[in-house]
Structure formats: C-alpha cells, structure tokens
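The values are calculated or read from the model by the stated rules, or taken from the named source; none is laboratory data. These numbers were taken from a predicted model, which means no experiment stands behind them. Methodologically, a virtual Cβ is constructed for each residue, glycine included, from the backbone with ideal geometry; neighbour enumeration extends over all protein chains shown. Note: areas computed on protein heavy atoms with side chains; ligands, DNA, RNA excluded. Shrake-Rupley method; radii C 1.70, N 1.55, O 1.52, S 1.80 Å.
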Amino acid sequence: MTAQVPHILVVGGGYVGMYTAYGLRKAARRGRIRVTVVDPRSVMTYQPFLPEAAAGSVEPRHVVVPLRKTLKGCRVVTGRVTAIDHAHKVAKVMPEEGPEYELAYDQIVVALGSIARTLPIPGLAEEAIGFKNVEEAIALRNKVLDRLDVASSQPDPALRKSALTFVFVGGGYAGVEAFAELEDMARYATRYYDNIKPEDMRWVLVEATNRILPEVGPELGQYTVEQLRKRNMDIKLETRLESCEKGRVVLSDGEEFDADTIVWTAGVKANPALAQTDFPLDEKGRIKCLPNLRIEGLDDAWSAGDNAAVPDLTAEDPGVFTAPNAQHAVRQAHRLAANILRVVDGQEPQDYKHKYVGSVASLGLHKGVAQLYGVKLKGWPAWFLHRTYHVSRVPTFNRKARVVLDWTLALFFRREVTSLGSLQMPNEEFRRATSS
Ligand SMILES: Cc1cc2nc3c(=O)[nH]c(=O)nc-3n(C[C@H](O)[C@H](O)[C@H](O)COP(=O)(O)OP(=O)(O)OC[C@H]3O[C@@H](n4cnc5c(N)ncnc54)[C@H](O)[C@@H]3O)c2cc1C
C-alpha cells in the first residue's frame, strides 16, 4: 500500500506481538517503517506472574505492561482483529465501540496466541473460571477470600463445606502454580477466622494423565505431588471432570461433591480467530511456519508463539514443533523483529533455533521446583530461582522495579488478604439505594 515506508501490522500485543513491536520501534521512530499493533487489551500480560498476582504477592497492575507507554514510535489500536484477507493485505478491526473498519498493510505479524482448551462438560461454561488473564487472577483471589467470609458466617454445614471446596482442573504449570499459590494464601488467611482451620478447606487438583507439571520432568513432577499431598491437598491423577452443573462436581473416579470454586487450567489451543484468515493452518489450527518464522508460502507474512507451528530445529526427529511457552515466544519475537528488519534491508531472514532450557514453578511462598539447564532444584532455592528468573524476564525496568518493591514490602509487612469481592459488582450497593 504505502509507496516508501513499509507498514508492518502486528496482530496481537501479547508476548510475541509486544516484543516484536518493541524490536521494531527504533526503526519506526527513525521513519524506516510504520508499525501498528492491534489488541483488544491495552496491556501485555506477563502470565507467569499471574499465580503470584492471584496470591497477592505481586500487585496485579505490576504484571501487565502498558502497550502505548512501552511501544513509543508504534501506533497501538485497541480493538479485535476479526478477519485477515492476506491476498488483498487488509485486516478487519472491530474497535471497542463503533463500526468495524479495514486496516491495510505491507507485512503482517500474526501473534494471536492461544485460548483455553475446553471440553463440552456439562456446567463448565456456567460454573468455572479460566486462568489466563489478570482479570481472572483478581477475580479468583477475591472469590477464594470471599468464600472464607461466606463459610465463616454460614451455620449450614453443607453450604460451608461447598464454600471451602476449591477444584482446579489441569496439572500444567499454570494450573499447579495457581492451585498451590492460592492454597498457600488461603491457609495463611484462615488465621484471621476464629471458626475456620486450614484442615476445614478442601483443595482438589484433577488431572487426566498420571503426572503433573510435565514441564519440570517426571522426578520433580512426582516430588510436587508428594509436597502438595503433605499439605493435605487432594491430587487426583488419571481422573477427569465429568460435570459440574450448579457446582455439583462429578469426577470419573465416581466421587461427587459440591464446590463453589472451579478453575479450568487444562491446556490451551491456538486462537480460533485464525479460521477467519487465508493463512495455511495445520490440523491443530496453528499457522504453518517456516523455521525463519515466515508463514509457509508467503514472503510478507510472519507468525510465532502459541498460535504458530514453528519447526523445532533442535529436535532430533523432524515434525516436532516448538512448545507453546513464554521462553519460545520471547525468543521467537526477537528473531522475528530482526528478520523483518533484515528483509526491509534486502537481506535474507535467519532461522529460529533455541533449545528449551527448562522450567521453574512456584508452589507458594518459599516453595517451588525448578529444572533449568539440567539442574534440578526443590523448595526454597527453586522458589528463589523462580523469582530471580521471572524478574529478569518481565519486560521493562519499570515493571522489574515495581515487582521487586512488592516482594520487599512483603518481607516487612504481613501478607495482604483482604477480599474485595464487590469489585465484580461495583454498582450493586448503588442499585439497592436507587430502588429503596
Ligand atoms: C497462568 C499462566 C502461567 C504461565 N507461566 C509460564 C511460565 O512460567 N513459563 C513459560 O514459559 N510460559 C508460561 N505461560 C505460557 C506463556 O504465557 C505463553 O506461552 C505466551 O504468552 C505465548 O505468547 P503469545 O504471544 O503467543 O500469546 P499471548 O501472550 O497470549 O498473546 C496473544 C495476544 O493476542 C491478543 N488477541 C487475542 N485475540 C485477538 C484478536 N482477535 N485481535 C487482536 N488481538 C487478539 C490477546 O489479547 C493477547 O494479547 C503461562 C501461561 C499462563 C496462562
């Protein structure tokens, strides 16, 4: 479209989108390219900190990175891309308000990420909550603390039991970290209730396979199961959630019980919005990419991260793709930005190659597991490594400083366990006032 300055459209402002635009922003400021980032959110979420945000160890505002502030030199559009017609190089954008419009581009980066992979389980949509964004982390924290308030003020034993039962489905790092961090916070909070003891709560993790935390390997996964069981948490392996209508949880092992809180963290799938594009998709709905992160068969379209099938050049067998995680997303974004600039300069793009270095997981304050560069750590050292690693990774110095400040304050003051349950219904009291 534009004659001299190529317009790069970045669809999605998460890990891949934000970091790619970040890598392009200097060239944009010098007027070599124009960059537009489109995302329905005005912030990028640093997802590995969501469990700590839910547990109150980190202020939720500090785990998100404002796109406009960080991407100076790029245009940020707050809206949803509803379709991409690459044959004509236009994307349809639905802003928060007003009619849909078209955005033309010269090159496109598709970074739509993934969404929760759900199953048609009766009651799931109505009763469960996901754990992928900061709103869900805040809502879950409020809900857990609110349920303690409800249980404490409720004489009916059945209602009290249901309020104190928390079910998580899915044993990957997102699920296990959220499960362990929230239990740790709730256990701490019980000290402020004269009629709730930690053993009155029931925390259940439901996992369909025979292991949890596959990201840290079988040995540390087994260690995690043992540690959580020692904390009286119920880890149900090789078990599936069959239904949860009206909060009545039915499991494949035959057990049935009521639970007010059900959290779904059973994996992700590529963003289904990709179906509204003319890009080549694989059988899992991911965009087919070349190792240099170009979309197969196209010179002016790129992709990476959770929504892309990128060949893993470090794998021994062909046909293996890079796993959907932040480690690859960030590194791919750096490569992607560099490749776009190479192409703008008339050079060939280079292949992405990175060997997965392992994972770190926090299991509550001073508890964790880690496997990095083949080194296995447990307990406090793993927890410390988890914090050090993620603070080194969270984008911008500003966010790093704020997160470290949150942790430092927590050393001197007691844990903050106030429920702000009414945040979800802020106008409830005013509505009552107007109707009285
Ligand atoms: C709770 C949790 C903890 C995690 N912990 C770890 C960890 O410890 N280590 C690790 O390696 N990985 C971790 N991950 C995984 C990691 O966060 C993802 O792999 C990474 O975010 C993928 O980056 P992405 O850019 O592909 O997708 P995302 O970062 O999800 O970005 C996708 C972006 O697309 C936007 N978008 C969606 N639809 C549209 C649309 N129609 N139009 C425009 N924009 C759209 C979204 O708003 C979002 O900003 C965790 C994930 C979660 C949920």
Area accessible to solvent at Arg80, 1.4 Å probe radius, in Å²: 140
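Per residue, how much accessible area does the chain show when a 1.4 Å probe rolls over the protein heavy atoms, in square angstrom? Don't skip to the answer; put the middle values down first.
On the way: 20550 Å² over 436 residues.
Per residue, the chain has 47 Å² of solvent-accessible surface.
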Dipole in debye (nearest 20) - region 124-266, about Cα centre, beta carbon charges: Lys, Arg +1; Asp, Glu -1: 280
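Evaluate the charge dipole of the chain about its Cα centre and quote only its size in Debye, nearest 20, assuming +1 on the Cβ of each Lys and Arg and -1 on the Cβ of each Asp and Glu. Don't skip to the end; give the middle numbers.
Values: 56 positive and 53 negative charges, 379 e Å.
The dipole of the chain has a size of about 1820 debye.
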Potential lengthening between Tyr389 and Asp200 on full extension [0.36 nm per residue; Cα-Cα distance subtracted]: 64.5 nm
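Looking at the chain, what % of its DSSP beta bridges pair antiparallel, to the nearest 5?
Numbers: 34 of 67 bridges.
Counting DSSP beta bridges with both partners in the chain, the antiparallel share is about 50 percent.
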Charge dipole (region 92-139, unit charges on Cβ, about Cα centre) - positive-most of Pro95, Pro120, Ile108: Pro120
Cα-based shape type of region 327-435, given that a ≥ b ≥ c are square roots of the gyration tensor eigenvalues and the cut on a/c is 1.5: oblate
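How much of the DSSP bridge set in region 124-266 is antiparallel, in percent, rounded to the nearest 5? Numbers along the way, then the final one.
Details: 5 of 19 bridges.
Of all bridge pairs located within region 124-266, approximately 25 percent are antiparallel.
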In order through region 224-230: 3J(HN,Hα) via Karplus (6.51 cos²θ - 1.76 cosθ + 1.60), integer Hz, x for Gly, Pro: 4, 4, 4, 4, 5, 5, 4
Per-residue HN-Hα couplings for region 214-220 [Karplus 6.51, -1.76, 1.60; θ = phi - 60°; Hz; x = Gly/Pro]: x, 5, 9, x, x, 5, 6
Rg and Dmax [Cα atoms of the chain; Å; Rg one decimal, Dmax integer]: 22.8, 73
Amide H contacts of Val77 (H built 1.01 Å from N, under 5 Å, at least 5 apart or other chain): Val37, Val38, Asp39
Those residues of region 247-274 whose amide nitrogen sits under 11 Å from the label point placed on Ile115, 7 Å along Cα→Cβ: 269-274
Cut-off 14 Å between beta-carbons: net charge of the residues surrounding Tyr46, Lys and Arg +1, Asp and Glu -1: +4
Within region 353-401: Cβ-based charge dipole about Cα centre, in debye rounded to nearest 20 (Lys, Arg +1; Asp, Glu -1): 100
Cα-Cα over 23 Å, subset of Lys161/Lys236; Lys288/Lys376; Lys230/Lys376; Lys132/Lys355: Lys288/Lys376; Lys132/Lys355
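Just order 201-207, 317-323 by mean Cβ neighbour count inside 10 Å, highest at the front, would you?
Values: 201-207: 22.7, 317-323: 12.7.
Highest-to-lowest ranking by the protection proxy: 201-207, 317-323.
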Charge dipole of region 124-266 about the Cα centre (unit charges at C-beta), most positive-ward option of Thr190, Met233, Asn142: Thr190
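Give me the percent of Cα-Cα pairs in region 124-266 that sit more than 28 Å apart, rounded to a whole number. Mind showing how you got there, number by number?
Working: 1314 of 10153 pairs.
That tail contains 13 percent of the Cα-Cα pairs.
Using a Förster radius of 25 Å, what is the FRET efficiency between Glu428 and Arg248 based on their Cβ-Cβ separation? Nearest 0.05, please. Mind showing how you got there, number by number?
On the way: r = 27 Å, r/R0 = 1.06.
Efficiency at R0 = 25 Å is approximately 0.40.
Computing the accessible area with a 1.4 Å probe over protein heavy atoms, can you report the carbon and sulfur percentage for the chain? Numbers along the way, then the final one.
Working: 11010 of 20550 Å².
Summing carbon and sulfur atoms, their accessible area is 54 percent of the total for the chain.
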Computed Rg/Rh of region 1-100, alpha carbon atoms with Kirkwood Rh: 1.04
Ordering of 90-99, 162-171 by packing [mean C-beta count within 10 Å, highest first]: 162-171, 90-99
Karplus-derived HN-Hα couplings along region 135-140 (A = 6.51, B = -1.76, C = 1.60, θ = phi - 60°), whole Hz, x at Gly and Pro: 4, 5, 4, 5, 4, 5
Exposure of Arg41 as accessible area (Å², to 10), given a probe of 1.4 Å and all protein chains: 80
Label point 7 Å beyond Cα of Ala158 along Cβ direction - residues of region 251-265 with amide nitrogen under 20 Å: 251, 255-262
Positive-pole candidate from Ser153, Gly14, Met201, dipole of the chain, charges at beta carbon: Gly14
Amide H within-cut-off set for Val249, under 5 Å, with H built and near neighbours excluded: Phe257, Asp258, Ala259
Residues with amide H under 5 Å from that of Thr277, placed H, sequence gap 5 or more: Ile84
